[in-house]
1. Could you say whether any residue in segment 35-42 is part of a helix (DSSP H, G or I), at pLDDT 95 or above and surrounded by fewer than 17 Cβ atoms within 10 Å (Cβ to Cβ)?
2. Quick one: in segment 135-163, which of the residues that are within 15 Å of the chain's Cα centre (by Cα) and in a loop (DSSP other than H, G, I, E, B) is surrounded by the most Cβ atoms within 10 Å (Cβ to Cβ)?
3. Can you confirm whether residue 102 is touching a helix residue (DSSP H, G or I) at 6+ places or on another chain (Cβ under 9 Å) and outside any loop (DSSP other than H, G, I, E, B)?
4. Scan 121, 102 and give me the residue that is under 15 Å from residue 163 (Cβ atoms), in contact (Cβ under 8 Å) with a residue 60 or more places away in the chain and within 11 Å of the chain's Cα centre (by Cα).
5. When you look at residue 66, is it surrounded by 16 or more Cβ atoms within 10 Å (Cβ to Cβ) and closer than 23 Å to residue 150 by Cα, yes or no?
6. May I ask you to list the residues in segment 62-84 that are within 22 Å of residue 115 (Cβ to Cβ) and not in a helix (DSSP H, G or I)?
7. Can you name the number of the only condition in (1) at pLDDT 95 or above; (2) more than 20 Å from residue 36 (Cβ to Cβ); (3) surrounded by 13 or more Cβ atoms within 10 Å (Cβ to Cβ) that residue 166 fails?
8. Which residue pairs have Cβ atoms under 7 Å apart, sit 6 or more places apart or on different chains, and have a first residue in segment 156-170 that is free of Cβ contacts under 8 Å to residues at least 24 places away in the same chain and a second that is surrounded by 18 or more Cβ atoms within 10 Å (Cβ to Cβ) and in a loop (DSSP other than H, G, I, E, B)?
């Protein structure tokens, strides 16, 4: 992840998390940032999001591969919105889309990534792993497949390693 992208996510997240932790808020829109080929970042925008943060996101939504989508439309069309960014599904039948929807509702303003191979990114390390695996796949798809972790526990992007822990946290 570029430093610029990390700073943007951090800046928006801090504002949204701080304000939304004070009271329950209604999810209005989803900020979708697909500028990096290794992952697409999705982040909830709530009714109590500061105007300055909302305007900043609206500004970024003018860039190619960045958009704001209403929560109603995103919820209905999440698979169609996110599927073009999953270039290889290494985790079939793992309910990634339902997991992302649940994460957006549970963690107001926190960004999550859906990776190029159908995984979940929730930490800086995860985004780095997604970028490294994307580069590896681009360089040599056969070598990438041979190097896939044999055990689910060895794959930090596997939804089974991400979703239960995140969704069960209090």
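The values are calculated or read from the model by the stated rules, or taken from the named source; none is laboratory data. Predicted model only: the values in this text are computed from it and were never measured. Cβ sites come from the backbone with ideal geometry, for glycine too, and all protein chains shown count toward neighbours.
1. The initial filter retains those residues of segment 35-42 that are part of a helix (DSSP H, G or I), namely none.
Within segment 35-42 (the criterion being part of a helix (DSSP H, G or I), at pLDDT 95 or above and surrounded by fewer than 17 Cβ atoms within 10 Å (Cβ to Cβ)), the answer is no, since none of the residues qualifies.
2. 157
3. Here the answer is yes, as residue 102 does meet what is asked.
4. Checking each option against the conditions leaves just 121.
5. On the way: surrounded by 16 or more Cβ atoms within 10 Å (Cβ to Cβ): yes; closer than 23 Å to residue 150 by Cα: no.
Here the answer is no, as residue 66 does not meet what is asked.
6. 63, 64, 65, 66, 67, 68, 69
7. So the condition that residue 166 fails would be (1).
8. Final answer for the pair search is 161/155.
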